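The values are calculated or read from the model by the stated rules, or taken from the named source; none is laboratory data. From a predicted model like this one, the values you see are computed outputs, not experimental measurements. Neighbour counts are summed over all protein chains in view; Cβ atoms, including those assigned to glycine, are modelled from backbone coordinates with ideal geometry. What goes into the accessible areas is simple: the full protein's heavy atoms, side chains included, and nothing from ligands, DNA or RNA. Shrake-Rupley method; radii C 1.70, N 1.55, O 1.52, S 1.80 Å.
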Amino acid sequence: MMHGNFAPLRGAAAITGIGCAGMGDASGYTEMEILSLAAQRAVADAGLKMADIDGLCTCSASATMWALPVAEYLGLRPAFVDSTMLGGSSFVAHLLPAVHALLAGDCTHVLVCYGSTQRSGAVDRAAVTRMRQVLDPQPYETPYQPMQPISAYALATARHMHRYGTTRRQLAEVAVAARQWARLNPEAYSRDPLTIEDVIDARKVCDPLTVRDCCLLTDGAGAFVLTLAERAKDGPRKPVYVLGNASETWHRQVSSMPDLTVTSASRSGPRALAMAGLSIGDVDLACLYDAFTINVILFLEDLGFCAKGEGGAFVQDGGIAPGGRLPVNTNGGGLSYGHPGMYGIFLILEAVAQLRGSAGARQQAGVEVALVHGNGATLSSQSTAILATEAAL
């Protein structure tokens, strides 16, 4: 059952500025420093000054009150703050609360930002894992010491292969397609040639996944500015409108997932499209959270690009690679562009670049509607957004 009157929300706000910093390896910089650089670039891109920002959405995997030092460091005094932490989907899920706040008149310009030095930082990752087991107990999994999150995604992969006959080659197609897109993106971290055999023969991490089925471990920061549609037209850039956004979560631990082959994207996707007043056939470009190769196959199915069980066939023979049936993760995705801990914000930045027509060699012709889909934890939280140019309003 769908809820709510979407009419006042559809297209009410637009993304007016984007920025990133420290992508790949940001050695010598802190997370806050690269976040600040990305934020300053996004604010300048929107034709604004930091003093114009009166709304803030941000969160961190390690700091529970992250919005407070971010506001302090950037010199902000936000009237609206959202630091809800849902894992990698968070920055997609921040869209709708921000739109509500703008429409309510709580604020005028919202900055959404994230930064991580997961690759170059000196944090003891093993110590963080031990602390998480205390602060975020997962009683049905932690006693068995799984290698999370990889073990969870390997479990979902094995189940999909068993139930639908999805093959290792089809999974590898996802990684190869991401690499082909990355080779068109000078900012991508991994740009060497990659074949299906390279993926399958790579070091096994957690059966049936190899290291090439897993996202990168990089640094990076991203930011964007959101404002009401009527104000957005005054900015220096072509506004990108938020037509729909919906978030859904069904579990925390993968062992509590009702069906390992169906994610809550199967609900967030239709809800976001309903708000946008569009169908899946209207989507020109998909930016899907590809923490692992199975993610893309699951989300293509759950969002309705193909039927359940047909995701493997959909990506086969370069289906989502340059020149394929659907452009997916045109920047190279988390598998080849970069993955700084939580990837959701970078999905939005790529969609905006494509909708603006500023994506360089990887630019797709005639992109008017982009679907962005974020994922958090172990297939736990899902958030879908429909972004579009003025032509789709």
Under 28 Å between alpha carbons, and skipping anything fewer than 8 positions from residue 204 in its own chain: which lysines qualify?
308
accessible surface per residue for the chain, probe 1.4 Å, DNA/RNA/ligands not counted, whole Å² -> 39 Å²
Aspartates and glutamates with Cα under 17 Å of residue 49, excluding same-chain neighbours fewer than 8 positions away:
72, 234
Between the stretch 1-42 and the stretch 307-337, the alpha-carbon center distance in angstrom:
24 Å
Considering only protein heavy atoms and a probe of 1.4 Å, how much of the accessible area of the chain is carbon and sulfur, as a whole percent?
52 percent
Run the quick spin-label model on residue 308 and residue 77: label points 7 Å from Cα toward the beta carbon, then report their separation in nm to one decimal.
5.3 nm
Largest to smallest principal axis extent of the C-alpha atoms in the stretch 1-115, angstrom
48, 32, 24
Can you tell me the FRET efficiency between residue 159 and residue 201 if r is taken as the Cβ-Cβ distance and R0 is 22 Å, rounded to the nearest 0.05?
0.40
Theoretical FRET efficiency, 1/(1+(r/R0)^6), r = Cβ-Cβ of residue 317 and residue 104, R0 35 Å, to 0.05:
0.10
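Kindly give the semi-axes, whole Å and largest first, of the ellipsoid equivalent to the stretch 228-345, taking each as the square root of 5 times a Cα gyration tensor eigenvalue. Could the numbers behind the result be given before it?
Numbers: eigenvalues 126, 70, 52 Å².
Equivalent ellipsoid of the stretch 228-345: 25, 19, 16 Å, largest first.
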Please report how far the C-alpha centroid of the stretch 63-97 lies from that of the stretch 98-143, rounded to the nearest whole angstrom.
9 Å
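Using mean Cβ contacts within 10 Å as the protection proxy, how do 320-331, 353-364 order, highest first?
On the way: 320-331: 20.7, 353-364: 17.2.
Going from most to least packed, we get 320-331, 353-364.
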Using the basic label-point model (7 angstrom from Cα toward the beta carbon), what is the residue 132 to residue 64 distance in nanometres?
1.7 nm
Pseudo-spin-label distance residue 85 to residue 231, built 7 Å along Cα→Cβ, given in nm, is 2.9 nm
